[in-house]
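I have placed the structure first, in the form of structure tokens, so that the comments after it can refer back to it.
The values are calculated or read from the model by the stated rules, or taken from the named source; none is laboratory data. Just so it is clear, the model here is predicted, and its values are computed rather than measured. Glycine also receives a Cβ, built like all others from the backbone with ideal geometry; neighbour counts cover every protein chain displayed. With ligands, DNA and RNA removed, areas are computed over all heavy atoms of the protein, side chains included. Shrake-Rupley method; radii C 1.70, N 1.55, O 1.52, S 1.80 Å.
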Amino acid sequence: MVESVPISNGHDILIRGGLVVSGKRTQKLDVAIKGEKIAAIETHPSELRASREIDGSGYFVLPGIIDAHNHPINLDKMDTFTLSSAFGGVTTVIPFMQNMRSRGIEGTTSETIENFIEESSDISYLDFGVHAILFGDDDVTTEVPKLIDMGVISFKMYMTYPKRGMMMPDERMLEAMSIASSMGGLAMVHAENGYCIDYLTEAFIEAGKTGREYYAKSQPRILEVEAANRAATYATVTDCPLYVVHLSAREVLAVIDRYKAEGLSIFGETCPQYLDLTNQMVLDHGALAKIGPPLRSSEDNEAMWGGIKSGVVDTVASDFCGFNKSQKYSGGRSTGTIRELDDIDDHSSIFDASFGGNWTEQMLPVVYEEGVNKGRITVNKLVEVMCENPAKIFGIYPRKGTISVGSDADIVLFDPTIQHTLSADLQHCEADFTMFEGKEILGKPVFSMQRGNVVIEDGKIHTKQGSAVYLAGDVNLTASAPNGHKIV
Ligand SMILES: [Zn+2]
């Protein structure tokens, strides 16, 4: 591939001789940046020149990682969440935002998101899009069109947590899907059967079985399979593209595969925790490892890798949700009651603990170590599921997700020879623990830039809050649009 603009001189930055990775190939190329964009790409060695030249030899040159699933609304908000993400080689995030009436903050979803975009533009370190979460009390007939006009084109609905007031009733989900699909938007679901989870949870609590060993049993895998199948059925009926978040149970892959084969625009996402951690973490660490869907078994981890390899799983994202240990144990949000660590745990019900984990910074190293180093996937596949596919699905490709002429200069240099150990002491979010504590990794992102500006270099953040831009999703570019960027 040789692409260039007429002037090879006069570039601002040149990354010379790195191994540039796309979903399809790895090539030794020179990449020149002018202003915010990638201006020229030529086979190395080239005649390209720039005022700053970076020796890329020995590095993988990756498109900036996109974290398309995260919840920066608790202890870590868009400031520390994006800071932590940046150190993990992420350059674009797509957080979920919802109406905050359950937290006593008035306003519709679109109003809340408008405020969120304004506030994030001031405090985020990284460019960001937004997904909306729709609850049963949202007026979807007015909110969905308003949000799509704002560039919020993806709508997540919970099929679980009815007792927590989060579940979207099925008839409202159909309504939201139908409106979203008519405007080119897409639905996202947390696929677990909430009635069954509530039934089982109550039965365990009533029987006094509230220890950590009952958590996984209260949310069995069949509930994920049932809900994914139901959501895909509704998506078929309403002709709505569907993105199923955080796949965890191995049997659910057959559901995604079947609907893909039937022609539905259905996309599957998994997360580093479902690729590398098991329910043993819950048995060992209790509340700290409580997430929904629950961590499962090593057979499920292997199946998820298989799904990535075969193309049933389209993306990997973090599902970041920053809580400190006390908040996890007490079930409290950042404003909630915090109990002493010593009180907790053995005496507390696992069912009272908060859901969520904080793994955005560890995501790329873990996927690289477990995927590429262990021979389960290629580095090209990593780029496909962590850069290209999320950008295509959410309507921001080719601006993001690829190293191509004309794209934003969002680039990561990844050194595959650095041996390091993951630890909460080294992470940059407020959350004070990691479930990847002590994990040995070979390979680390050492440099990144966003729109031509250095983000991470020499172990430090160089970009300033307030320089990030909001990325409106474009319904005409999505992988599900008739002429959109297809996933191959
Ligand atoms: Zn989530």
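Quick notes on this structure:
- Scalar couplings 3J(HN,Hα) for segment 304-310, obtained by applying the Karplus form with A = 6.51, B = -1.76, C = 1.60 to θ = phi - 60°, are 5, 4, x, x, 5, 4, 7 Hz; x denotes Gly and Pro.
- Interchain or long-range residues, amide H under 5 Å from Gly443's placed H: Ile418, Gln419, His420
- Segment 141-153 - phi-based ³J(HN,Hα) in whole Hz, Karplus 6.51/-1.76/1.60, Gly and Pro as x: 5, 9, 6, 4, x, 4, 5, 4, 4, 7, x, 9, 10
- Among Gln219, Thr238, Gly129 the positive-end extreme of the charge dipole of segment 64-373 (Cβ point charges): Gln219
- Value of [θ]222 nm, deg cm²/dmol, for the chain, DSSP H segments ≥ 4, -39500 (n - 2.57) each, nearest 500: -8500 deg cm²/dmol
- Tyr243 long-range amide H proximity, modeled H, under 5 Å: Ala187, Met188, Val189, Phe267
- Built amide H within the under 5 Å cut-off of Val313, gap 5+: Ile308
- For the chain, the antiparallel share of DSSP beta bridges with both residues in that region comes to about 50%.
- Distance from segment 29-94 to segment 373-443 (C-alpha centre basis), Å: 10 Å
- Backbone N under 19 Å from the Ser310 label point (7 Å along Cα→Cβ), restricted to segment 382-409: 382, 385
- Extension gain, Glu206 back to Ala424 (0.36 nm per residue minus Cα-Cα distance, nm): 74.9 nm
- Surface composition of segment 389-488: carbon and sulfur atoms hold 50% of the protein heavy-atom accessible area at a 1.4 Å probe.
- Set Lys328/Lys400; Lys156/Lys400; Lys37/Lys464 screened for pairs whose C-alpha atoms are more than 30 Å apart: Lys328/Lys400
- On the basis of the beta-carbon distance and an R0 of 35 Å, Glu106 and Lys464 show a calculated FRET efficiency of 0.65.
- Karplus-derived 3J(HN,Hα) values for segment 53-62, using 6.51 cos²θ - 1.76 cosθ + 1.60 with θ = phi - 60°, are 10, 10, 6, x, 5, x, 10, 7, 9, 9 Hz; glycine and proline are entered as x.
- Cα centroid separation - segment 291-322 against segment 217-268, whole Å: 14 Å
- Efficiency of FRET from Cβ geometry, Ser297 and Asn380, R₀ 35 Å, rounded to 0.05: 0.80
- Taking Lys and Arg as +1 and Asp and Glu as -1, the other residues whose beta-carbon sits under 15 Å from that of Asp55 total -1.
- Set of lysines with alpha-carbon distance to Lys444 below 16 Å, sequence-local pairs under 8 removed: Lys374, Lys460
- Portion, in percent, of the accessible area of segment 64-373 that falls on carbon or sulfur, probe 1.4 Å: 50 percent
- The trypsin sites (Lys or Arg not before Pro) of segment 159-226 that DSSP puts in a loop, and whose beta carbon has at most 14 other beta carbons within 10 Å, are Lys163, Arg164.
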